[in-house]
Amino acid sequence: VTFDLVGRSNLINRSGAQLIGVPPTGAIDMAGLLNKRYELGRLVGQALSDESYVQDLDIPEDETAEIKVPLRISTFPLLETSGRRIGVITLIKDITEVVSLERELRTAERLTSLGTLSAGIAHEIKNPLSAIDLNLRLLESEVLENVHDGDTKEYFRILREEIGRLNAIVDNVLRFSRPSSAPGGPVDVAGILQRTVDLLAHTCRERAISVDVRIEADSCVLWGDASGLQQAFLNILLNAIQSMHEAGSIRVSLDISGGDGPDRSCELTVQDSGCGIHARDIERIFDPFFTNKSGGTGLGLSIVHRIVSDHKGTVQVSSAPGKGTRFVVRLPMAAQEVLS
Ligand SMILES: Nc1ncnc2c1ncn2[C@@H]1O[C@H](COP(=O)(O)OP(=O)(O)O)[C@@H](O)[C@H]1O
Ligand SMILES: [Mg+2]
């Protein structure tokens with residue numbers, strides 16, 4: 001887009017018009033631009049009034065603005081052949097895709113390093129923990145032969161229970177950090193999704209949470225690890241349930257996206273009406289041990305990420321704090337032909 005010295009656009013190419021939201025032959029002035037996206041207007045204004053230009057300056061997405069997408073902006077002086085300055089040339093790029101790729105890469109990097117570290121620790125804890133468990137059971141049977149009061153029994157029960165919790169955490173860490181070793185097989189995604197929802201039906205009824213399941217794709221069969229995928233679906237649904245303090249709703253749907261080509265995927269969407277996720281947390285929810293819950297382990301979503309990546313799939317999350325959260329899991333069905 002080029003602007004003259006009073007801040008009126010005199011040339012917009014087609015994609016520029018589309019991005020800014022004016023007709024292909026239309027124009028926009030400074031006030032209009034500031035209205036649509038304040039930072040963009042400010043940068044053009046700065047170039048016009050102070051002759052200060054920017055190169056490849058990224059501004060993050062802004063849900064409240066009319067132009068919402070993240071932008072990369074450069075401004076240059078627009079000069080006549082005589083060298084006289086007659087305006088500003090502005091290059092505006094929609095960098096939605098770049099931003100989401102960068103985010104994915106950062107998450108993957110963090111998960112790899114944290115995964116290696118925590119797998120090492122979990123492995124070291126596993127052996128002493130089994131020794132403690134075994135010896136505690138021996139001690140318990142000896143002590144309870146001679147001592148018969150309820151308190152002592154209760155102490156042992158608590159010890160066993162807490163050791164059980166530690167064991168579960170260690171197993172989860174190992175599960176998250178070890179590459180999947182489960183043998184692959186044909187997986188009926190609709191079937192395991194329905195079974196997972198059924199598992200949680202009772203909990204949902206108790207908490208007055210309505211669950212609406214819409215399965216558009218009944219022949220969503222792919223090659224993978226059925227129990228792993230069930231675990232992933234379970235973790236996402238459990239989080240949805242836990243995000244609600246009182247009654248609420250969860251909408252689950254399964255579709256096939258990407259047509260018949262190589263992008264053909266099973267697409268699972270889980271939308272809840274829970275507390276939502278704060279923007280500053282959203283990049284960290286897949287990190288192992290990141291949790292906002294008092295009894296949480298912070299491992300649920302890191303396991304989801306691992307399992308879905310093992311299937312060459314993706315997980316996307318979008319959330320409005322106070323309103324709810326949506327998780328979309330895409331699982332490619334590339335091995336479909338092999339199956340049939
Ligand atoms: N559906 C959701 N609604 C709101 N917050 C969520 C949702 N799913 C995940 N989160 C946030 O992500 C964090 C990490 O989730 P997770 O890895 O499953 O660990 P945990 O459930 O043990 O806290 C949660 O503590 C919560 O803050
Ligand atoms: Mg969880």
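The values are calculated or read from the model by the stated rules, or taken from the named source; none is laboratory data. This is a predicted model, so every value here is computed, not measured. Cβ coordinates were reconstructed from backbone atoms using ideal geometry, including for glycine residues, and neighbour counts include every protein chain displayed.
Tabulated data
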read-out: D310 vs. criteria more than 13 Å from the chain's Cα centre (by Cα), in the same structural domain as A190 (by TED's automatic domain parsing) and surrounded by 14 or more Cβ atoms within 10 Å (Cβ to Cβ); value: yes
read-out: Hits in region 201-255 (condition: touching a Leu at 6+ places or on another chain (Cβ under 7 Å), more than 16 Å from ligand 2 (Cβ to nearest atom) and in contact (Cβ under 8 Å) with a residue 60 or more places away in the chain); value: C220, V221, L222, W223, L254
read-out: Any hit, region 124-141, residues being in a helix (DSSP H, G or I), among the β-branched types (V, I, T), surrounded by 13 or more Cβ atoms within 10 Å (Cβ to Cβ) and not assigned by TED's automatic domain parsing to the domain that holds V304; value: yes
read-out: Condition met for I158 (loosely packed, with under 14 Cβ neighbours inside 10 Å, not assigned by TED's automatic domain parsing to the domain that holds L234 and not acidic (D, E)); value: yes
read-out: Close pairs (9 angstrom Cβ cut-off, 6 or more residues apart or separate chains): over 15 Å from I89 (Cβ atoms) in region 1-28, among the polar types (S, T, N, Q) and part of a loop (DSSP other than H, G, I, E, B) anywhere; value: A17/T25; P24/N13
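Rundown of residues vs (1) out of contact with any helix residue (DSSP H, G or I) (no Cβ under 9 Å at 6 or more places or on another chain); (2) within 20 Å of S319 (Cβ to Cβ), yes/no style:
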{"residue": "S52", "(1), (2)": "no, no"}
{"residue": "D58", "(1), (2)": "no, no"}
{"residue": "E66", "(1), (2)": "no, no"}
{"residue": "P77", "(1), (2)": "no, no"}
{"residue": "R85", "(1), (2)": "yes, no"}
{"residue": "T90", "(1), (2)": "no, no"}
{"residue": "V99", "(1), (2)": "yes, yes"}
{"residue": "E102", "(1), (2)": "yes, yes"}
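Table: residues versus (1) over 24 Å from N292 (Cα atoms); (2) in the same structural domain as G324 (by TED's automatic domain parsing); (3) away from ligand 1 (no atom under 16 Å from the Cβ).
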site: D198; (1), (2), (3): yes, yes, yes
site: A208; (1), (2), (3): no, yes, yes
site: D212; (1), (2), (3): yes, yes, no
site: M244; (1), (2), (3): no, yes, no
